[in-house]
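Below: the structure, in structure tokens.
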Amino acid sequence: PGLLLLAAALALGRTAAARCPTPCVCDNLRAHVLCLNGNLTAVPGTIPQLTKKLDLRGNSFMVIPVGTFLATPYLTHLDLQRCKVERLEEGAFRGLGRLVYLNLASNGIALLYQESLDGLSSLQQLILEGNRIEEIQPGAFGHLGSLTVLDLRANALVYLPDMVFQGLQALRWLRLSHNTLHVLGSEAFATLPALRRLSLDHNELQALPGEALARLDGATRLDLGHNPITYVAEEALAMASLKHLFLDHAALQDVAPDAFTHSPQLRTLDLRENQLRGLPPLAGAGGLAKVSLAGNPLLCSCLLRPFRDWLVRARVQVEGSCAAPPALRGRPLDSLRPPEMRCGHPQLPPSPATPSEQPKVAGSRQCPQGCACSPDFRHGSCENRDLQEIPRGFPGDTRLLDLRRNTFRTVLPGAFPGLKELVSLHLQSCGIRVLRPGALRGLESLVYLYLTDNRLSTLVATAFEGTPQLAYLDLDRNAFTHLPAGAFRLLPNLISLHLQHNAIGELLEGNLAGTGGLRWLYLAGNAIGHIVPAALAPAKMLEKLHLEGNCLAEVPTAALRGLPALSELKLSRNPIKRLGDGAFLPVASSLQHLYLDNMGLEWISPGAFAGLGPKIRSLYLESNKMSNVPDMSNFTGLEILNLRDVPFRCDCQLLPLHRWIEKLNLRVGATCGSPAEARGLKVKLSTTFQTCLGWGQGQAGGGSLDKSKAASKPSKKERSGKSPARGFRKSRA
């Protein structure tokens with residue numbers, strides 16, 4: 001029977017091999033299929049049925065439709081990194097009941113729907129790092145009962161609603177680092193009984209989210225570093241199993257003596273790089289073994305003696321040294337003797353006042369006629385009810401209100417009374433033409449406002465009066481022809497502004513007044529042909545600027561000055577034909593991701609990328625018309641380089657690029673457009689370079705990129721050594 005089974009498997013393997021789709025590689029012995037860094041726009045339908053591991057990294061799928069993988073039910077590992085996926089249709093992964101690993105990192109997914117991940121009952125690891133996820137609908141993870149690791153790092157999350165992780169009964173590690181979280185529902189983590197590690201570092205939490213964390217009885221490690229937390233209040237943390245707490249690189253000025261009384265298992269406390277001038281004895285933390293205080297401005301006066309004495313009594317190891325007084329500066333805390341810690345030095349500043357907690361009043365369970373209200377999730381919905389006026393009477397504790405696909409036309413002043421706890425408001429596709437002054441008054445907790453697919457053409461700042469927490473504003477697909485000056489000046493916490501697919505023609509000075517905290521600005525699909533130099537200046541913290549699909553004829557270099565944090569710039573699909581010297585110099589020290597694809601680009605100056613270097617992680621130059629590119633040998637941090645569909649002239653001027661590509665551990669897709677004998681060949685594999693001077697030397701010794709002499713017939717100057725061909729120069733053909 002064993003031999004019969006083996007023969008059957010081999011026969012199936014031969015059948016599968018015959019059906020291996022191009023341009024994929026199939027390893028039938030291990031049941032692996034690789035379709036890497038190609039031009040695939042859909043998952044091939046001829047993947048062998050018995051495939052267990054499918055690697056589709058670096059393609060261009062955009063959407064994963066319903067039932068995409070029904071023909072490959074034996075998959076256990078699926079890798080979809082860097083596939084430009086923007087949407088997962090509900091039921092996209094149905095049929096993958098054996099899948100244990102799914103990697104969707106570095107795509108453009110913005111929203112997780114309730115059924116997006118349906119069918120993945122065996123999934124153990126889900127990687128969603130580096131997408132654009134702004135909101136997760138409760139129930140999105142409801143079918144992932146076997147999941148142990150969920151990675152949501154480096155997305156755009158601001159708010160976690162109650163019960164958002166419902167269904168993740170086996171989850172052990174939840175990674176939420178590098179988002180912009182500053183609001184957590186009190187029941188956000190209520191359904192995670194197996195969680196052992198929670199990573200919330202690098203967010204915007206201004207206070208310890210004690211109520212939400214108290215639901216995590218079994219968690220042993222909590223990462224909260226790099227958050228602007230200034231104070232840890234009395235009994236702030238009640239986590240019965242917590243052993244390791246990281247609060248490093250925050251903004252802590254004081255910690256209450258009994259802050260950790262209800263975390264009796266705490267062993268290590270990391271408070272490095274804060275603003276602490278001292279600490280009190282930490283009552284109730286009897287199991288504490290180590291406290292890290294390095295990088296704090298510690299004042300080693302008599303006021304610190306009680307803490308020092310407590311360290312000795314409790315036998316707690318401490319890291320850190322004195323910043324003052326001068327006589328003790330630099331002394332390790334554990335080397336101090338009580339007589340040295342004298343009084344008479346400047347006293348410690350008073351502890352920041354603990355924010356008073358407002359009493360919670362449970363909202364009543366009334367609901368407007370024709371609408372649905374969920375008391376468990378605190379959601380209200382009147383979607384697609386043919387309403388012409390915004391209904392009133394929702395429960396006062398409503399957090400999410402969905403009013404999409406109605407016909408409101410005008411939002412009147414005070415349209416949402418009694419909704420002080422509302423966090424997310426959906427008004428997409430409502431035919432709205434006007435937001436009156438005071439329209440959102442009273443929505444003091446509002447974080448997300450979706451106004452996509454309406455008919456707004458102008459805005460006044462007073463329309464946003466009373467919404468100081470608003471962080472995400474989505475105005476895509478409206479009728480704006482210009483940015484209304486000063487419209488956002490009453491939104492001090494605005495982080496993300498979407499104005500894609502409008503008809504904006506230019507960006508002027510004052511358009512972005514008051515947006516000092518803006519991180520992400522999305523302006524794709526407009527008609528922007530000009531950006532005045534000072535237009536972006538107010539947004540000094542801008543990290544992402546998306547300008548693809550506009551009418552820019554040149555890189556807006558002058559407008560990029562004063563953006564020291566810009567890490568991602570998208571200029572794809574603009575009619576930019578030439579890149580001049582220093583085009584990106586103002587943002588060279590911060591830029592990591594640069595999109596210059598599909599522009600019809602004909603010429604790139606040798607100095608166009610001046611200042612750019614190891615920080616660049618991805619560069620997209622595909623689908624352009626230039627025949628050469630500048631020297632990029634110092635782009636040593638590249639993870640993605642796309643040079644597909646560029647008609648490179650594979651002559652001796654391109655030899656440095658050929659040699660550099662050979663050394664890269666990346667698939668760049670560069671092909672020859674000329675001469676005729678090389679057309680269609682990979683630059684890396686073309687034999688036309690073998691006639692070039694120095695070919696043999698380059699093959700034997702490698703040869704550095706910027707010193708290669710590349711000419712089949714050297715001129716007199718070149719023979720004399722006076723004119724070496726340096727870098728990637730434009731072909732003179």
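The values are calculated or read from the model by the stated rules, or taken from the named source; none is laboratory data. Being a predicted model, the structure only gives us computed values, none of them experimental. Counting neighbours? That spans all protein chains shown, and the Cβs are built from the backbone with ideal geometry, glycine included. With ligands, DNA and RNA removed, areas are computed over all heavy atoms of the protein, side chains included. Shrake-Rupley method; radii C 1.70, N 1.55, O 1.52, S 1.80 Å.
How far is helix 2-18 tilted off the main Cα axis of the chain, in degrees rounded to 10, range 0 to 90? For helix 2-18, the angle is close to 70 degrees. Here the 3J(HN,Hα) profile of the range 558-575, calculated from phi with Karplus coefficients 6.51, -1.76 and 1.60 at θ = phi - 60°, is 5, 6, 7, 5, x, 10, x, 9, 5, 10, 9, 10, 10, 10, 3, 6, 9, x Hz, Gly and Pro shown as x.
Show that you can apply the helix-only estimate: for the chain, add -39,500 (n - 2.57) for every DSSP H stretch of four or more residues, divide by all residues, and state [θ] at 222 nm to the nearest 500.
-2000 deg cm²/dmol
Of Lys84/Lys570; Lys625/Lys682; Lys570/Lys625; Lys52/Lys682; Lys540/Lys570, which sit over 22 Å apart, Cα to Cα? The answer is Lys52/Lys682. Note on the range 193-278: with charges restricted to the Cβ of Lys and Arg (+1) and Asp and Glu (-1), its dipole about the Cα centre is near 360 debye. Averaging the Cα positions of each part gives two centres, and for the range 213-230 and the range 108-152 these lie 22 Å apart.
For the range 442-503, trypsin sites (Lys or Arg not before Pro) are listed when DSSP marks them as loop and at most 14 other Cβ atoms sit within 10 Å of their Cβ; the list is Arg455.
Each Lys and Arg contributes +1 and each Asp and Glu -1, all at the Cβ; summed about the Cα centre of the range 20-195, the dipole is approximately 560 debye. Near Cys322, the amide H atoms lying under 5 Å from its own belong to Gly330, Arg331, Leu333; only residues 5 or more places off or on other chains count, and H is placed 1.01 Å from N.
For Lys420, the aspartates and glutamates whose Cα comes closer than 13 Å to its Cα, not counting residues fewer than 8 places off in the same chain, are Asp397, Glu444.
For the range 222-313, what class follows from the C-alpha gyration tensor (a ≥ b ≥ c being the square roots of its eigenvalues): rounded when a/c is under 1.5, otherwise prolate if a/b is larger than b/c, else oblate? Oblate is the answer for the range 222-313, as a/c is 1.5 or above yet b/c matches or exceeds a/b.
Is the range 368-422 rounded, prolate or oblate when judged by the Cα gyration tensor, a ≥ b ≥ c being the square roots of its eigenvalues, rounded requiring a/c under 1.5 and prolate requiring a/b larger than b/c?
Numbers: a/c = 2.16, a/b = 1.30, b/c = 1.66.
It comes out oblate by the Cα gyration axes.
Model label points for Glu234 and Arg578, set 7 angstrom from Cα along the Cα-to-Cβ axis, are 7.2 nm apart.
Secondary structure note: in the chain, about 10% of the DSSP beta bridges are antiparallel.
Between the amide H of Thr671 and those of Asp645, Val646, Phe648, Val683, distances stay under 5 Å, these residues lying 5 or more places away or on another chain, with hydrogens modeled in the peptide plane.
First compute the accessible area of the range 225-336 with a 1.4 Å probe, then give the percent of it belonging to carbon and sulfur atoms.
50
Surface analysis of the range 225-336 yields an accessible area of 40 Å² per residue, using protein heavy atoms and a 1.4 Å probe.
Assuming a ≥ b ≥ c are the square roots of the Cα gyration tensor eigenvalues, decide whether the range 20-195 counts as rounded (a/c under 1.5), prolate (otherwise, with a/b larger than b/c) or oblate. Judged from the Cα gyration tensor, the range 20-195 comes out prolate (a/c at least 1.5, a/b above b/c). Would you tell me the accessible area of Asp201, worked out with a 1.4 angstrom probe on the heavy atoms of the protein chains, in Å² to the nearest 10? About 30 Å², ignoring ligands and nucleic acids.
Can you compute the charge dipole magnitude of the chain about its Cα centre, using +1 on each Lys and Arg Cβ and -1 on each Asp and Glu Cβ, nothing else charged? Give it in debye, rounded to the nearest 20.
2640
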